[in-house]
Amino acid sequence: MKKKFNVLVVGFGYWGPILSRNIQANLRFNIYSICDSNSSNLNKAKNIYPSCFFYSSFQKALNNSKIDIVVISTPTNTHYKFAKMALIKKKHVLCEKPLSLNLREVKNLISLSKKNKKFLFIDYPFIYSESVTFIKNIITKKKLGKALIYESIREKAPYRKDTNVIWDLGIHDFAILQHLTNRNPIKFKVNAIKTKKGYKSDFANINLYYKNNFSAFIKLNWASPIKIRLIKIYFEKGLLIYDENEGIYKIKIYKKSKQGFNLEFPLVNFNETLKLFIDYVGNTIITDNFKNFNFNFSLNLTKTLLNITKNY
């Protein structure tokens, strides 16, 4: 196997440690250095990865020539600056979602990535999950007939000041929908509510309408005490339920029959979603298949989210 790729992790607050754990577990990567301007976060990192190099300055951390890929897990308003600096230094980049709330910035980063032939990965992990891959196969092969309605509930997540609940939780559904349908919605309705002072919208109900009479209904909520990650997809010949919180049978299928419905529990692997995403990142860098890298996915996803959230 080729030498391990040295990773610089920027931001070790909430999501940084989770990303780092999955990266370090991958045989293609080595957590080489960690950067955080918060001394408490940096001390936490030192206890977990004592053999790493540690920095409070991103510029100093980036100047280390041994770094191969920069993993960005910082507030959204810093993503563009850090990703741009890393790409200029000709480092691969893996950035926490959302990449940016500004379409021009996303386009600039994609252009810079192409120019320097360095990959720009965005953390949309669910499109790599085995459950979503299974659902994609059901839709593509029309095993339950035509997909009619997508219904999703995502509740409970840490409050963030850098964005709203749509860009934080909702982005997962938009990524999954774009992956499953290869389409963007043609019409939408949004009801977003702010209930907590000092934060942006923390509740949202979104209706999306696509060509060929396909619709999606998404409910988002930061404030719930109960974590819910539930997707239902209604088909001509049945109903598929995907519950990310289920330990074993994450997917259930209710097939229509003359007597009503027959319940099936398909056997689907349930490797950790982030593990599969990091596997994809490592395999992509190794194969260096730059010509076939899908930059349009992030671009189209950003356009959709900006259209939906322009008044929120």
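Readers should treat all values here as calculations from the given coordinates under stated rules, not as data from a laboratory. Just so you know, these numbers come straight off a predicted model, no measurement behind them. Virtual Cβ from ideal backbone geometry, glycine too; neighbours counted across all protein chains shown.
Looking at segment 219-231, can you tell me whether even one residue there is of a type in the set (F, W, Y) and assigned to a strand (DSSP E or B)?
No, segment 219-231 has no match at all.
Only one of I241, I253, I248 is farther than 28 Å from L94 by Cβ and not in a strand (DSSP E or B); which?
Just one listed residue meets the conditions, I248.
As an exercise: evaluate L230 against (1) surrounded by fewer than 18 Cβ atoms within 10 Å (Cβ to Cβ); (2) among the aliphatic types (A, V, I, L, M); (3) farther than 19 Å from L180 by Cα; (4) in contact (Cβ under 8 Å) with a residue 60 or more places away in the chain and give the number of the one condition it does not meet.
Condition (3) is where L230 drops out.
Take the residues of segment 127-172 that are small (G, A, S) and more than 15 Å from A192 (Cα to Cα): which is surrounded by the fewest Cβ atoms within 10 Å (Cβ to Cβ)?
Among those residues, the one meeting the criterion is G145.
If a residue must be closer than 21 Å to L305 by Cα and not in a helix (DSSP H, G or I), how many such residues does segment 76-135 contain?
14
Would you confirm, using the coordinates I've provided, whether N30 is over 20 Å from the mean Cα position of the chain (by Cα), surrounded by 14 or more Cβ atoms within 10 Å (Cβ to Cβ) and in contact (Cβ under 8 Å) with a residue 12 or more places away in the chain?
So N30 passes the test.
Which members of segment 48-90 meet the condition of being farther than 17 Å from G16 by Cβ and touching a residue at least 60 places away in the same chain (Cβ under 8 Å)?
K66, D68
Write out, first by first residue and then by second, each pair whose Cβ atoms fall under 7 Å of each other, whose residues are 6+ apart or on separate chains, and whose first residue, in segment 298-312, is within 12 Å of N191 (Cα to Cα) while the second is among the polar types (S, T, N, Q) and not in a helix (DSSP H, G or I).
Cβ pairs passing all conditions: T309/N164; Y312/N164; Y312/S201.
Report, by residue number, each residue of segment 233-250 that is within 29 Å of I308 (Cα to Cα) and either touching a residue at least 40 places away in the same chain (Cβ under 8 Å) or basic (K, R) (or both).
Across segment 233-250, the qualifying residues are I233, Y234, F235, E236, L240, Y242, E244.
Test each condition in (1) within 20 Å of the chain's Cα centre (by Cα); (2) farther than 24 Å from L99 by Cα for N182 and report the one that comes out false.
(2)
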